[in-house]
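The values are calculated or read from the model by the stated rules, or taken from the named source; none is laboratory data. Since this is a predicted model, take the numbers as computed values, not measurements. Cβ placement follows ideal geometry from the backbone for every residue including glycine, while neighbour counts extend to all protein chains displayed.
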Amino acid sequence: MKAKLPPLFQKLSAASPAAAGKAAHFLFTHPLPTAIRSEAEKRLARKAQAKLTEAERTDMWVNGYRIASYRFAAATPKPRGTVMMVHGWTSASAFMTAPIPALCERGYDVVAFDMPAHGKSSGRRAELMDCVLAMIAVADRHGPIDQIIAHSFGGPVTTMTIAGGLSKGLTDQTRLLFIASPNRLADVTEQFSRAIGLSREAQAEFEKRLVQPFGVDLDAMDGNLLLSDCPNPLTILHSRDDREVAFDAAEKFASLGEQVTLRPLNGLGHRRILHAQPSVAAMLDAVSG
């Protein structure tokens, strides 16, 4: 199917950039589940799904979506705090479970949720604003949140949520840990547009539709701009060989200044970084530190 998209969008872009942009927006906001092909990937997926059954699940309605949230209780009588997991686009909470047993053993409650149209949450369509509203609702229910661990597009969702300042469960003391996260929304839309064969005019139409709910232009959706007035400490884990989100996104975050700690990794790509031993150890060190 993916191979057929560029020729289709190239023809549609030439005929009507507005129609192509609208179609691209539809495609982007109707995420498909992560492709799981190899036997090893299938085993990991089954193990991850099984881990979710150990959690206390709570569903809540947010802006018309039934949002599935999960709470893993600390293994100590008095929790040290609450860690919130935020998954990426076309992913789910199940793929964020690798560090959870160790976090609970170290005394943390852990909360996760599936974004709209992802995982066990309802819906087939998800705007970025829907994901932000879902995160606010989960943080308010389970907060105060001491630490957020966000992977890939979960980073921009977290950034928009923190910068918006609308959640009672998130404070200036909430520490952030971004794993393989893009810095600028424009980088995401550029990569997506190139992959499906949009013209520049059609890409502009797509981007306009994507940011319309926020009432800003695309340039404003920049991680450094949004976090520049937020004192929250930020740690970045990013593998230099990541082919989905280039390492320069991590370097751009690092340019924010002293509030940012960059921990480069190697050989872990974009998805293995979620469960590989070196990155899990780095996550635990960042949370405990």
The one condition in (1) in a loop (DSSP other than H, G, I, E, B); (2) assigned by TED's automatic domain parsing to the domain that holds Val157 that Leu198 fails to fulfil: (2)
In region 210-255, residue nearest to Pro31 (Cα to Cα) [restricted to those that are of a type in the set (A, V, I, L, M) and part of a loop (DSSP other than H, G, I, E, B)]: Val245
Qualifying residue in region 187-196 (condition: touching a helix residue (DSSP H, G or I) at 6+ places or on another chain (Cβ under 9 Å), in contact (Cβ under 8 Å) with a residue 12 or more places away in the chain and under 28 Å from Val280 (Cα atoms)): yes
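Per-residue answers, yes or no, for (1) touching a Ser or Thr at 6+ places or on another chain (Cβ under 6 Å); (2) more than 30 Å from Gln212 (Cα to Cα):
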position: Lys51; (1), (2): yes, yes
position: Tyr65; (1), (2): yes, no
position: Gly81; (1), (2): no, yes
position: Ser93; (1), (2): no, no
position: Pro99; (1), (2): no, yes
position: Leu103; (1), (2): no, yes
position: His118; (1), (2): no, no
position: Leu128; (1), (2): no, no
position: Cys131; (1), (2): no, no
Any pair with Cβ under 9 angstrom, 6 or more apart, that starts in region 257-269 at a residue that is in the same structural domain as Arg240 (by TED's automatic domain parsing) and on the phi > 0 side of the Ramachandran plot and ends at one that is of a type outside the set (Gly, Ala, Ser) and assigned to a loop (DSSP other than H, G, I, E, B): Gly267/Arg240; Gly267/Asp241; Gly269/Asp241; Gly269/Asp242; Gly269/Arg243; Gly269/Glu244
Candidate set: region 272-289, residues that are free of Cβ contacts under 8 Å to residues at least 60 places away in the same chain and part of a loop (DSSP other than H, G, I, E, B); chosen: the one nearest to Phe95 (Cα to Cα): Ala276
Subset of region 110-122 (residues that are more than 12 Å from the chain's Cα centre (by Cα), more than 21 Å from Phe206 (Cα to Cα) and either part of a loop (DSSP other than H, G, I, E, B) or in contact (Cβ under 8 Å) with a residue 60 or more places away in the chain (or both)): Gly119, Lys120, Ser121, Ser122
Qualifying position, being within 19 Å of the chain's Cα centre (by Cα), within 22 Å of Ala254 (Cα to Cα), part of a helix (DSSP H, G or I) and in contact (Cβ under 8 Å) with a residue 24 or more places away in the chain, among Ile162, Ile136, Ile149: Ile162
Whichever residue in region 65-79 is modelled with pLDDT under 95 and not hydroxyl-bearing (Ser, Thr, Tyr) and, among such residues, is nearest to Gly143 (Cα to Cα): Pro79
Boolean, Ile100 is modelled with pLDDT of 95 or more and in contact with a helix residue (DSSP H, G or I) (Cβ under 6 Å, 6 or more places away or on another chain): no
